[in-house]
Structure formats: structure tokens, C-alpha cells
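Note sheet for the following structure.
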Amino acid sequence: MKRVAFITGGSRGIGYGIARHLAGAGFDLAINGVRPETAVTEALDGLRALGAEVLYCPGDVASAEARTAMLEKIKSHFGRLHVLVNNAGIAPKERRDILEATEESFQHLLATNLQGPYFLTQAAANWLIAQKSGSPDFWGCIVNVSSISATVASVNRGEYCVAKAGLSMATQLFAVRLGEFDIPVYEVRPGVIKTDMTAGVTEKYDKLIADGLCVQPRWGLPDDVGRAVTALAKGDFPYSTGQVILVDGGLTLPRL
């Protein structure tokens, strides 16, 4: 029986890169997104072509009702879950200096980028624990996709940085709590990745990368993140719970 991975925000961008690599590694997939299924048919079919059985679970991770419905749908369809990848996230609608940013934007970002994955992890973790107790050889894990913004300050999108820093701490908290069940929790921290979320700042980052922003002089790709997450999901790092995997081309390396 194939292992099942649930990827939030898995129909586009980094999430789709993760989904493709997990499908190629032999996982069946539950894919979450906010668009209707008719709008993601091509993406889902692409995953099926890689050999995965794919279940689409539409819903906003910021909604408690949606999170419950998604997990119930997975339970009803597959009857099992091995890997949760908290990838869904949003950027501020407007980049504003922290001296001018709105409370509404702050609340919106934290609901989607922190509160949603925090409580989805709570629910999924209890399901993983139940499966582990029923089958000692069960192996599962949780992977949080954060950002270098967890530690790199961007004063024109402070709410995003605060949310990602919170997700980083959530990784440590759940890693500690789930240690007794041997369920690892990891953080994958991408740098500048070429997706639709960064399309609006392509020119800016093209210049920064050309000027030496990253040690490796190129954009990161969803495939780069997908490879890292898949290695974790496969169990290649079973004794590294709570650790951060940086996928940033050396951007955050201190340099003189």
C-alpha cells in the first residue's frame, strides 16, 4: 500500500514542485488549494501521469471548518496519512512599511501562514499518533515550508516575516511534542524561488542575484524545494527532527 502525503497549496508554485517529486517517489497525494477543481485539472492530471492517485481537497487553511473537512475527505478516501506538508501561504496584498502596515493585513497573513498550519498540524499529528499506536512499524512525518523571512528582516512585509518566524517555532514545538512517538517534524526554508508569488519582483531579484545576493548565482526553483521535502518525507533523515533545511543557494551564509 502506497504512502499518502497531504500538501497544502500543492497545485501551483513550490507546492506543485513538492507534489511532483513526491509523486515520482511513489506517494499518493492529497492536494489542497483554494481554486475550484476545474481550474487545477491540468496540474492534477500531471501528477497522475507520474503514477500517483490524486485527491483534490479545496479549502482555505485559515478556516477551521475547511481544515476538518479536508482531513475527513482524506480519511474517507485513502483511510491513511503519512506525511503532512504545510506549504500554503500568501504574501501581503500590498507591501507596506511596518510604520504604515495595517492590522487587517497582519491578521490575514497570520491566519493563513501561521494559525492555519499550526492547527492543521495539531489535527494531523493526532491522526498520525493514532496510526502509530495501531501499527508500530508506521512511519510518518510533518514538514513545514517556511522562508528565509523567518530570520531575514524585510520591513516592507513585516507581517509575512512574523508569520514565518512563528512557523519556525511551531516546527520546534511539535518536534519536541511528537518525539516520544518517533514522528519527526522538519522545517524547509526556501530562499528566492521563481514562482507566481515572486513574478512581480522578478526584475528586482534578477539584479540582486546578478550582483551576488546568493552564493549560487541563480534563482531557486520549485524543484529544488521538492527534492528537499521528498528526502525528508521518504525518511532519509529519521534522526534529525526539529531541524531546518535551507534551500536558499547560500543567500543567508554570512560573508565578508
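Bear in mind these aren't lab numbers, they're just calculated from the coordinates by the rules spelled out. On a predicted model such as this, the values are computed, not experimentally measured, just so you know. Reconstructed Cβ throughout: ideal geometry from the backbone, glycine too, with neighbour counts over all protein chains shown.
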Helix 116-134 axis, angle to the chain major axis (alpha carbon atoms, nearest 10°): 30 degrees
Can you list which of the trypsin sites (Lys or Arg not before Pro) found in region 25-129 are DSSP loop residues with at most 11 other C-beta atoms within 10 Å? Lys93
Exposure proxy check: Lys234, Lys204 ranked by fewest other beta carbons within 10 Å? Lys204, Lys234
For Arg67, what is the net charge nearby, where nearby means another residue's Cβ is under 15 Å from its Cβ and Lys, Arg count +1, Asp, Glu -1? -1
Residue-averaged [θ]222 nm for the chain, counting only DSSP H segments that reach four residues, each worth -39500 (n - 2.57): -12500 deg cm²/dmol
Can you sort Leu71, Leu22 so the residue with the fewest Cβ neighbours within 10 Å comes first? Leu71, Leu22
Comparing Ala150, Ala130, Ala111 in a Gaussian network model of the chain (Cα, 10 Å), the one with the largest mean-square fluctuation is Ala130
Of all the stretches in the chain, which is the longest one without any exposed loop site, taking GluC sites (Glu not before Pro) in a DSSP loop (any state but H, G, I, E, B) with at most 11 other Cβ atoms within 10 Å? 101-256
Give the angle, between 0 and 90 degrees and rounded to the nearest 10, that separates the Cα long axis of helix 13-24 from the longest principal axis of the Cα atoms of the chain. 40 degrees
Given 25 °C and 0.890 mPa s, compute D for region 99-205 with the Stokes-Einstein relation, Rh being the Kirkwood radius over Cα pairs; round to the nearest whole µm²/s. 159 µm²/s
If one builds a Gaussian network model of the chain from Cα atoms under 10 Å apart, the most fluctuating residue listed among Val225, Val176, Val152 is Val152
Based on the alpha carbon coordinates of region 116-176, what radius of gyration and maximum Cα-Cα distance (Dmax) apply, in Å? 14.6, 48
Taking alpha-carbon centroids only, region 20-48 lies from region 191-246 a number of Å equal to 21 Å
Once the principal axes of the Cα atoms of the chain are found, what is the range along each, listed largest first in whole angstroms? 52, 39, 36
Placing +1 on each Lys and Arg Cβ and -1 on each Asp and Glu Cβ in the chain, then taking the dipole about the Cα centre, the residue among Ser168, Cys141, Ala25 whose Cα reaches farthest towards the positive end is Ala25
What angle do you read, to the nearest 10 degrees and between 0 and 90, between the alpha-carbon axis of helix 222-233 and the longest principal axis of the chain? 40 degrees
